[in-house]
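Bear in mind that the values in this text are calculations on the coordinates, not laboratory data. Keep in mind it's a predicted model, so treat the numbers as computed, not measured. Cβ coordinates were reconstructed from backbone atoms using ideal geometry, including for glycine residues, and neighbour counts include every protein chain displayed.
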Amino acid sequence: MDITNLQRRLPELTYLLPSQQEWMERLLLQLAFNDNKHIYIVGADGSGKSTLAMNIAELFSEQHNIALLNSTVEESQVHAQLMQQWFNLPADPNSALVEQVLAAYQQQPLLVIIDDAERYSAELLQQISLLPCLQFCFSADTQDNAALTLTINRISSADAQQLLSHEELNSIELAERLANANGNMHLLLLPVRQSYNERVVADNTTALVNKTPLYIAIAAVLLVILLYIFWPKAEKPVQEIRYPVARDFEAKPVPVVTETPPAVNTEAELSKNEQQPLGLDVSEPVQTELAEATKSNTSSIAEAKPVADAKLDAGASVKPEVAPVQAVDTPVVENTSAEPVYAYDEALLLKMPKNQLAVQLAVLSSAAALQRFKKTYPQLTTLSYQRNWQGKMQLVILLAPFADAASVKVQLKQLPEALRATGPFVKVLQSVQTEIKARQYSAQD
């Protein structure tokens, strides 16, 4: 199929998420290298199947005559809807659908898009597959007899950031919302549920706020009771009792006896009194000694003052010597992180340009199957890598890299007949590198 016009119109769909934009590019690439008319698209609930169906209808609207069967169309209305949307004609219940379409078919190619295809029976889907049209079936379940099956990409952090830009979340909150959504866009747009502890705290806070007036009333009553109990009571005035006094009583003066305390002698006086005989006057020697002691104390204080001042001046003029501190060289420790070790050709694939192409030959489940494949086709120089696919480990065999579509077509013609019969899968190396990094990230967790 010529996809030149489709690739030109794809950037005009500016409201697509980054992962959806990448998926649309992958779809056009498959249409360019495969002639399959029946394409089955698998995605979980909330993965954006309806959004992609509407975008495909808009993208192909210029080249194809489009019929869209959404969730509102019942199985009994499918024939009538196809004839009405394609040719604006009523359906004839007495003739087969294929005959009616062939009779009304014109030059413009037909395209039918079925959203939620699992709602319809296998017999109806088989009838639609016989029509001369390009068919896109969106479903949550895989189908074994589909010519080509594509899986919708999971929501990435860039998608979440674009969808939740109005909430202005930080990186931690954004990662939490993305983990809780688990690939469902509807859950991603919902706020994070409160945990049990947060709900208990919120309920207790609400109950406490509701009971606050009651607590205030109880505290006021207790305060009034305490004031009544401990408030000081008014004392009654004391009545004075007067006693009669005899007028003829005369108070006699009471003699006052004054005692003069003995004078306290100093140690010098006591020692002098012990040496002097009784009856001698010792006041003069004592006064002389006191005067001499006073003079000696005054002179010693006068001499000590200039000495202390000199010491202070000397201490002020002397500055403490500071020993120079030598800088210690700290060894620089290089932060080296060990590179991941791969069992196959992942390291070589990661170094290739992401915009180049690769041809996927097979998907195996064990290393023994890989060895058998290499023994069967020794003439092919293949590359292999591991990936996680729906919880299972798989080995993917590739031929890479190819610079353009022409070299890919040449390689497809040179493949053995058995490999061409299985339908080689063309993909961009960027998607291969994404699967390798996703597997490495899950292994680290």
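Largest first, the three principal axis extents of the alpha carbons in the stretch 346-444 are 40, 31, 21 Å in whole numbers. The ALA175 and GLU25 beta-carbon pair, evaluated with R₀ = 22 Å, returns a calculated FRET efficiency of approximately 0.25.
As a proxy for reagent exposure, GLU176, GLU435, GLU346 were ordered by neighbouring Cβ count within 10 angstrom, fewest first; the result is GLU176, GLU435, GLU346.
On a per residue basis, the convex hull of the C-alpha atoms belonging to the stretch 4-153 measures out at 115 Å³.
Working value for the stretch 68-158: equivalent-ellipsoid semi-axes of 26, 14, 13 Å, each the square root of 5 times a Cα gyration tensor eigenvalue, largest first. Both the radius of gyration and Dmax for the stretch 1-42 are 10.9, 29 Å, in that order, over alpha-carbon atoms.
Stokes-Einstein D for the stretch 390-445 at 25 °C, 0.890 mPa s, Kirkwood Rh over Cα pairs, in µm²/s? Please list the in-between numbers first.
On the way: Rh = 13.4 Å.
Rounded, D is 184 µm²/s.
Take the alpha carbon atoms of the stretch 383-445, find their center, do the same for the stretch 138-189, and report the distance between the two centers in whole angstrom. Distance between centres, Cα-based: 23 Å. This ranking places PHE136, PHE33 by how few other beta-carbon atoms lie within 10 Å of each, fewest first, which gives PHE33, PHE136. Each Cα pair under 8 Å and six or more residues apart adds its separation to the average, and for the stretch 346-444 the resulting relative contact order is 43 percent.
Of MET352, MET393, MET83, the sequence from fewest to most neighbouring Cβ atoms within 10 angstrom is MET393, MET352, MET83.
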